[in-house]
Amino acid sequence: GAVVSQHPSRVICKSGTSVKIECRSLDFQATTMFWYRQFPKQSLMLMATSNEGSKATYEQGVEKDKFLINHASLTLSTLTVTSAHPEDSSFYICSARDSRGLAKNIQYFGAGTRLSVL
Amino acid sequence: SQQGEEDPQALSIQEGENATMNCSYKTSINNLQWYRQNSGRGLVHLILIRSNEREKHSGRLRVTLDTSKKSSSLLITASRAADTASYFCATDGDYKLSFGAGTTVTVRA
């Protein structure tokens, strides 16, 4: 199956710093990638849809200036948590939609990034 | 937004037994998907069932879909310790997935 690589897997940072998370599709091109946030023992909450070459589409309640998304190529999307605070601590997961053939409705997920802001 | 509601929230079974979990949703869908998440990891796609399908099999997995009741079920047969994970249903209405709250399955050896 398709592989999505997410890096880093874990980040511990001081309050006020910015953190960048990368999401790469390794063996397919992804015009659309998604960023989710997951709190402990809860479901995934979609934060934004990242479209290659255009602005990301943010879900209601998600601050676009806080969570900067860049999708500069067909294989890479980045999420930058700007001026992180303890309440931003969470598990962030990206996914990429394979637009080819029968797999086009399936999303392939990265392994997630555990962000801890001190 | 979270559309799916899953039942039960948690399930503990003996190895070799079957595990059944249910998912209900609210709006019309193109397809419904099931994913598995091991603790602290990303999600793995298990199976996709389209809105015009009623049942689908993949190995030890069986998924049903009842669009009139807006519900789906996932059956894992002959469970193994490695099946211990959280299972999420996700509805696809406009190529964005809306996830249910998940069912945590523990398979005891």
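The separation of region A:25-60 from region B:49-89, counted between C-alpha centres, amounts to 24 Å.
Highest GNM mean-square fluctuation among B:78, B:90, B:19, for chain B modelled with Cα contacts below 10 Å: B:78. Taking every Cα-Cα distance in the protein assembly as shown and sorting them into 5 Å bins starting at zero, the pair-distance distribution P(r) comes out as 1, 7, 15, 18, 19, 16, 12, 7, 4, 1, 0 percent. Compute the Cα gyration tensor for region A:37-111, then decide on rounded, prolate or oblate, letting a ≥ b ≥ c be the square roots of its eigenvalues: rounded whenever a/c is under 1.5, prolate when a/b is larger than b/c in the other cases, and oblate in all that remain. Taking the square roots of the gyration eigenvalues as a ≥ b ≥ c, region A:37-111 is oblate.
Which of the three applies to chain B, rounded, prolate or oblate, going by the alpha-carbon gyration tensor with a ≥ b ≥ c and a/c under 1.5 meaning rounded? Taking the square roots of the gyration eigenvalues as a ≥ b ≥ c, chain B is prolate. Taking trypsin sites (Lys or Arg not before Pro) in DSSP loop states with no more than 16 other Cβ atoms inside 10 Å as exposed sites, chain A has its longest site-free stretch at A:67-99. For the chain pair B and A, the interface hides roughly 1600 square angstrom of accessible area in total, found with a 1.4 Å probe. Only Lys, Arg, Asp and Glu carry charge here, each on its Cβ (+1 for the first two, -1 for the last two); on that basis chain B has a dipole of about 160 debye about its Cα centre.
The values are calculated or read from the model by the stated rules, or taken from the named source; none is laboratory data. Fair warning: this is a prediction, and the values are worked out from it, not measured in the lab. Positions of Cβ are generated from backbone atoms using ideal geometry, with glycine treated the same way; all protein chains shown enter the neighbour counts. Just the protein is used for accessible areas: all its heavy atoms, side chains included, with ligands, DNA and RNA removed. Shrake-Rupley method; radii C 1.70, N 1.55, O 1.52, S 1.80 Å.
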